[in-house]
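The structure appears below as structure tokens.
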Amino acid sequence: MSDPLNQLEPQPTEAPDAQFAQALRARIEGIEARATTGETVPTDSAAWHLAELNLGVFNAPLDSPEMAEFVGALDRINALADAAPGFVWRMTDDDGGPSSNVEVPGASDPLLASNLSVWEDYESLREYMY
């Protein structure tokens, strides 16, 4: 089976992020399909961890009234992740605060946000997400 992530060459008529999302979705669906058949992960990958990265653009600055509910929920949501089985690590700011406060190198847009976490395996992340 070829790895769709190795086929992420931008096409002139297709945005690279849309192509990446499509290839990643296909890869995740393949993992889920193998999991439902009982197929196991190759033994040489047993020591791997899964890094999960989200990049987003806020509709308003973090200190605006529109973002108050989101900002107010960050500590609770991060605590749930920290306590979840299979959780390994998450990116924080210099004071240990949410990664929403971390500047993205090379990005000058204050509305750009990132979140990076590391999990023992796909199943742990999936269980936390759903």
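The values are calculated or read from the model by the stated rules, or taken from the named source; none is laboratory data. Worth saying up front: this structure is predicted, and the values here are computed from it rather than measured. Cβ: placed from backbone, ideal geometry, glycine included. Neighbour counts: every protein chain shown.
Looking at the stretch 27-50, which of the residues that are aliphatic (A, V, I, L, M) and surrounded by 13 or more Cβ atoms within 10 Å (Cβ to Cβ) is modelled with the highest pLDDT? Checking each candidate, the answer is L50. The requirement of being surrounded by 13 or more Cβ atoms within 10 Å (Cβ to Cβ), more than 15 Å from the chain's Cα centre (by Cα) and modelled with pLDDT of 85 or more is fulfilled nowhere in the stretch 94-106; no residue meets it. Of all the numbered requirements in (1) modelled with pLDDT under 85; (2) in a loop (DSSP other than H, G, I, E, B), L62 misses one, and that requirement is (1).
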